[in-house]
Amino acid sequence: MIGQGAESTNQRRHSYVDDYVEVGFFTDPTVCIGCKACEVACKEWNEVPDDGFTWSGNSYDNTGRLGASTWRHVLFLEQDRQKGNQVVGSIDGDLSAVASAKADDPFRWVFLSDVCKHCEEAGCLEACPTGSIIRTEVGSVFVQDDVCNGCGYCVVSCPFGVIDRRSEPLPNAGGAFKCTFCYDRQKSGLTPACAKVCPTESIVFGRLDDLRARADERVRQLRENGYNDAQLYDPKETSVRGIHAFFLILGEPGAYGLPPKPDVPTIYLKSAWASAIATAIGAFIATLCAFYFL
Amino acid sequence: MADEERLDQLREEAWRKGVVSGRGVDISGGPIPRQSGYYGLPILKPPVWTWEVPVYFFVGGIAGMAAVIALTATLFHHVDLARMAMLLAALGAILSSILLMLDLGRPRLFLNMLRVFKYKSVMSVGAWILTFFGGCAVSGLIALQLKWLLLAWPLLVGSAILGVLLGTYTGALLGVTAIPAWYLHRVLLPIHFGTAGLGSAAALLELLGYRIAPLHGLGLLAAAGESLLWIWLELDRHGAADRALHEGQSGWLIRGGEILSGPLALLFRLLGLIPFAAVFFLIGALINRFGWVCAGKVCAADPEAVLAAQRP
């Protein structure tokens with residue numbers, strides 16, 4: 001199931017854009033080796049400028065967060081927990097100590113390649129006042145850079161904190177940027193750059209329905225093999241109604257900087273506008289009364 | 001320092017034995033994420049808005065509510081007041097547009113705001129409200145000055161309706177976002193911004209010399225309203241999720257603004273010191289708008305706030 005090599009959907013040409021087939025990414029940290037090839041391929045293909053070289057001190061992650069000039073980001077989590085049935089702690093050359101060493105000094109290193117989630121109900125798309133952000137034929141969320149005037153409302157409307165406005169002196173500054181799902185490549189029948197280069201197929205690109213089935217199968221497989229905290233991060237039960245780039249995670253979403261229960265801000269429209277209109281009517285009445293009675 | 005020594009011991013041991021048997025070193029601030037979220041990094045993106053946006057909230061609120069006062073003043077034959085209020089509305093509309101353009105990442109593409117109308121985007125609805133309000137207010141002012149009353153009436157009515165929405169929609173603009181400190185108070189925000197706008201418009205007109213009872217009454221109402229909203233905000237706490245509204249610099253900006261335009265303005269009005277009350281109200285309203293935008297930035301940068309808001 002994993003490691004399909006040349007047979008993988010990552011390596012095949014496709015016609016999803018022409019056929020209006022919904023596509024997605026399934027990202028599986030249990031096979032990620034943290035090589036960051038996806039980050040590099042994304043930057044190279046999309047000509048995303050560098051946004052500074054800083055040493056974070058957070059494991060081997062100096063990228064930090066997704067942003068206007070970071071569309072793929074490999075997280076490095078170091079946790080004092082066991083990963084599946086892995087052997088942990090010191091062995092001292094005596095293999096009989098393995099069993100007792102198991103719970104002694106647990107440590108695991110998790111790598112996860114984060115990306116724009118391409119939400120079913122996308123906060124950025126709903127918020128965009130220019131119509132710059134659109135839904136493509138394959139169900140991804142795409143920012144048309146020539147239309148975006150940089151109002152910044154998508155930035156505060158994304159429940160995942162993905163999209164951001166690019167600042168000076170970077171090229172094309174002022175506009176909002178995020179992962180394009182390599183829409184240009186997909187139109188030509190190519191796989192997104194990050195999935196194409198992923199050497200372990202930790203990032204899998206393919207039809208959304210296929211990927212969901214594959215992800216469920218992978219979670220089941222991992223749980224059988226002792227990964228008790230393996231779960232799918234795909235918030236279908238919230239107002240986001242699911243994401244097109246979903247993740248398998250070990251442990252809690254919060255540790256990955258993923259919101260546990262993200263909501264699309266449009267669910268607040270009703271109460272906020274009700275309050276605004278009631279206030280507007282109140283202000284009218286108050287002014288009329290002030291002039292009539294005083 | 002102890003950590004460094006322990007690290008040296010481990011290196012030494014590894015060099016001699018080829019294996020390290022003991023526990024590793026727990027370096028404070030070291031690799032394992034110990035802060036909430038992912039190394040304490042923000043989960044959300046802080047707003048990119050700069051000073052233009054809170055100033056726009058302030059100016060737009062005054063302009064919009066001035067149009068309401070202009071219509072009502074015309075109805076009750078305060079012609080001079082109506083003209084001055086309409087002048088404030090028109091100037092405010094122009095200034096608001098400039099502020100909004102300056103805040104854009106690409107000001108030259110401002111007109112793209114009017115490419116589409118999206119009722120689900122408060123920013124889109126707001127851009128259209130401001131556009132039509134500006135058109136009504138400027139032409140209404142001209143019609144009023146030229147005494148073309150047949151034309152002036154519909155324009156006055158139009159600018160009053162759009163103006164009152166301009167003064168309140170800004171609350172919804174902040175309320176319909178992913179930032180907990182804002183969306184948790186999405187009902188309070190439009191009431192608060194609307195009240196502040198009405199009080200500010202009345203205060204500014206009083207400072208411009210229109211010391212009449214109706215404006216004083218509106219000033220009293222707004223100051224009393226702001227006092228109540230301050231109490232509401234102090235009581236309606238959501239723990240870590242909206243602590244940016246109560247703590248630190250952003251918290252004090254909001255609280256300071258509320259105290260100035262709430263209880264202090266009310267006190268000065270009751271003492272009859274109307275100019276002081278008006279000045280306090282205006283300063284408070286402006287500081288408060290800065291506080292709300294600042295709180296959004298603080299809250300979005302705080303992963304604990306986002307996690308707390310989404311905890312079941």
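Where a number appears in this text, it was derived from the coordinates with a stated rule and is not lab data. Everything quoted here is computed from the prediction, not taken from an experiment. Neighbour counts are summed over all protein chains in view; Cβ atoms, including those assigned to glycine, are modelled from backbone coordinates with ideal geometry.
For segment B:47-176, what is the convex hull volume of the alpha-carbon atoms per residue, in Å³? Spell out each step's value before the answer.
Details: hull volume 12.8 nm³, N = 130.
In segment B:47-176, the Cα convex hull volume per residue is 99 Å³.
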Query raised in the report: Residue farthest toward the positive end of the dipole of segment B:178-312, with Cβ of Lys/Arg at +1 and Asp/Glu at -1: which of B:Trp252, B:Gly291, B:Ala277?
Result: B:Ala277
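Hydropathy at least 0.5 by Kyte-Doolittle, axial extent at least 15 angstrom from the Cα trace: which helices of chain B, defined as entire DSSP H runs, fit? Let's see the in-between values first.
Numbers: long enough: B:2-17 (22 Å, -1.98); B:52-75 (34 Å, 1.70); B:79-103 (36 Å, 1.79); B:122-145 (33 Å, 1.67); B:149-175 (39 Å, 1.79); B:188-207 (28 Å, 1.31); B:213-235 (33 Å, 1.15); B:248-259 (16 Å, -0.17); B:274-300 (39 Å, 1.60).
For chain B, where a helix must reach 15 Å along its axis and average at least 0.5, the hits are B:52-75, B:79-103, B:122-145, B:149-175, B:188-207, B:213-235, B:274-300.
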Requested in this report: Excluding residues fewer than 8 places away in the same chain, name every one of the lysines whose C-alpha is closer than 16 Å to that of A:Lys83.
Outcome: A:Lys102
Report task. Any lysines with Cα under 30 Å of the A:Lys178 Cα? List them, leaving off those in the same chain fewer than 8 positions away. Result -> A:Lys36, A:Lys43, A:Lys117, A:Lys187, A:Lys196, A:Lys236, A:Lys261, A:Lys270, B:Lys45, B:Lys118, B:Lys120, B:Lys297
**Report entry** 25 °C / 0.890 mPa s Stokes-Einstein diffusion coefficient of segment A:92-244, Kirkwood radius on C-alpha pairs, µm²/s
**Finding:** 133
Query raised in the report: For segment B:235-312, which semi-axes, largest first and in whole Å, follow from the square roots of 5 times the eigenvalues of its Cα gyration tensor?
Result: 31, 12, 7
**Report entry** Three semi-axes of the equivalent ellipsoid, chain A, Cα gyration tensor, whole Å, largest first
**Finding:** 40, 25, 19
Query raised in the report: With axes computed from alpha carbons, what is the tilt in degrees of helix A:208-224 against the longest principal axis of chain A, rounded to the nearest 10 within 0 to 90?
Result: 50
Requested in this report: Can you spot the lysines whose alpha carbon is less than 18 Å from B:Lys17's alpha carbon? Ignore those fewer than 8 places along the same chain.
Outcome: none
Query raised in the report: Counting Lys and Arg as +1 and Asp and Glu as -1, each charge on the Cβ, what is the dipole of segment B:178-312 about the Cα centre in debye, to the nearest 20?
Result: 140
Query raised in the report: Once Lys and Arg get +1 and Asp and Glu get -1 on their Cβ, which of A:Pro260, A:Val219, A:Asn10 lies farthest toward the positive end of the dipole of segment A:5-263?
Result: A:Asn10
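Test of understanding: ordering B:Leu104, A:Leu232, B:Leu165, B:Leu235 by Cβ neighbours within 10 Å, fewest first, what list do you get?
Listing B:Leu104, A:Leu232, B:Leu165, B:Leu235 from fewest to most nearby Cβ atoms yields B:Leu235, A:Leu232, B:Leu104, B:Leu165.
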Query - Cβ-based exposure ranking for B:Glu13, A:Glu7, in which fewest neighbours within 10 Å come first - result: A:Glu7, B:Glu13
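Quick check: convex hull of the Cα atoms in the protein assembly as shown, volume per residue, rounded to a whole Å³? Kindly include the intermediate steps, with their values, before the conclusion.
Values: hull volume 101.4 nm³, N = 606.
Expressed per residue, the convex hull around the Cα atoms of the protein assembly as shown is 167 Å³.
Treat the count of other C-beta atoms within 10 Å as a stand-in for reagent exposure and order A:Ile249, A:Ile163 from fewest to most. Don't skip to the end; give the middle numbers.
On the way: A:Ile249 24, A:Ile163 30.
Exposure proxy ranking, most exposed first: A:Ile249, A:Ile163.
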Report task. Report, to two decimal places, the Cα Rg of chain B normalised by 2.2 N^0.38 Å (N = number of residues). Result -> 1.30
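What average number of partner chain Cβ atoms lie no more than 10 Å from the Cβ of the residues making up B:102-109? Could you put the intermediate results ahead of the total?
Numbers: counts 0, 3, 8, 15, 10, 3, 2, 10.
Counting other chains' Cβ atoms within 10 Å and averaging over B:102-109 gives 6.
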Query raised in the report: Taking each residue of A:74-85 in turn, how many C-beta atoms of other protein chains fall within 10 Å of its C-beta, and what is the average?
Result: 2
Query raised in the report: Say the dipole of the protein assembly as shown comes from +1 at the beta carbon of Lys and Arg and -1 at that of Asp and Glu; which of B:Leu87, A:Val48, A:Ser113 then lies farthest toward its positive end?
Result: B:Leu87
Query raised in the report: Per the Kirkwood treatment, what hydrodynamic radius in Å, one decimal, follows for segment A:230-294 from the mean inverse distance over all distinct Cα pairs?
Result: 15.4
Query raised in the report: On a 0 to 90 degree scale, rounded to 10, what angle separates helix A:269-293 from the longest Cα axis of chain A?
Result: 20
**Report entry** Charge dipole (debye, nearest 20) of the protein assembly as shown; +1 at Cβ of Lys and Arg, -1 at Cβ of Asp and Glu
**Finding:** 1600
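Which peptide among A:43-52, A:147-156 comes first, and what is the full order, when sorted by highest mean count of other Cβ atoms within 10 Å?
Details: A:43-52: 14.8, A:147-156: 25.9.
Packing proxy ranking, top to bottom: A:147-156, A:43-52.
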Query - Helix A:37-46 vs. chain A, principal-axis angle (Cα, 0 to 90°, nearest 10) - result: 40
